[in-house]
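Novice: I'd like to ask you about the structure that follows.
Nothing in this text is a laboratory measurement; each read-out follows from the coordinates by a stated rule. Quick caveat, the model's predicted, so the values are computed rather than measured. Quick reminder, even Gly has a Cβ in these numbers, built from the backbone with ideal geometry, and neighbours come from all protein chains shown.
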Ligand SMILES: C[S@@+](CC[C@H](N)C(=O)[O-])C[C@H]1O[C@@H](n2cnc3c(N)ncnc32)[C@H](O)[C@@H]1O
């Protein structure tokens, strides 16, 4: 939705969106793309609801065109990752919080290898790479902080 709204110039690009979780149940839920009224009331602008969702069996379902644009995969972040393409953007929100420090470091090292040198990593509001992985540099974007590979700055 955000790419379509804010980056219409990407319409002619081949953009690969990969969504992952360790839980098969969560993958199924995400693939279905169906949300209750309470869930869509938590911050989704009404204009986006009307444009990108359809009312089905008492729920709001993301339109098929968008659902088909996402590849859903079961991946355990703490085990060796399967082959994945190099990424421009990684959104990894509220999952590092579950891991101990050595595991956080190992996961961030994998993220770093997967992220392109000019890529961006976004974490949850209570998460950071600081004191865990100095190969990321925090960068402020408005009210948000994202993490960018330090090698980009050195180059
Ligand atoms: C608090 S939820 C966050 C979901 C979503 N990122 C968000 O911010 O709304 C944490 C998710 O991490 C997943 N998770 C927990 N351990 C994981 C692991 N080792 N690898 C991949 N996903 C994991 C859980 O199944 C759960 O769906």
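Novice: For the chain, what is the calculated [θ] at 222 nm in deg cm²/dmol (nearest 500), taking -39500 (n - 2.57) for each run of four or more DSSP H residues and dividing by its residue count?
Specialist: Result for the chain, helices only: -7500 deg cm²/dmol.
Novice: Looking at region 17-105 from every direction and averaging, what is the projected area of its Cα convex hull in nm²?
Specialist: In nm², the orientation-averaged hull projection of region 17-105 is 7.3.
Novice: Taking only the C-alpha atoms, wrap a convex hull around region 85-155 and report its volume per residue in Å³ as a whole number.
Specialist: Dividing the Cα hull volume of region 85-155 by its residues yields 86 Å³.
Novice: At what distance in nm do the modelled label points of residue 66 and residue 37 sit from each other, each positioned 7 Å from its Cα along Cα→Cβ?
Specialist: Placing both labels 7 Å beyond Cα along the Cβ direction yields 2.0 nm.
Novice: Quote to one decimal, in nm, the extra length available between residue 3 and residue 23 on full extension: 0.36 nm per residue of separation minus the C-alpha distance between them.
Specialist: Separation in residues times 0.36 nm, less the Cα-Cα distance, equals 4.6 nm.
Novice: So how tilted is helix 101-114 from the main axis of the chain? Cα-based, degrees 0 to 90, rounded to 10.
Specialist: Orientation of helix 101-114: about 80 degrees from the principal axis.
Novice: I'd like to know how the chain sits against the 2.2 N^0.38 Å rule of thumb: what's its Cα Rg over that expected value?
Specialist: Normalised Cα radius of gyration, the chain: 1.14.
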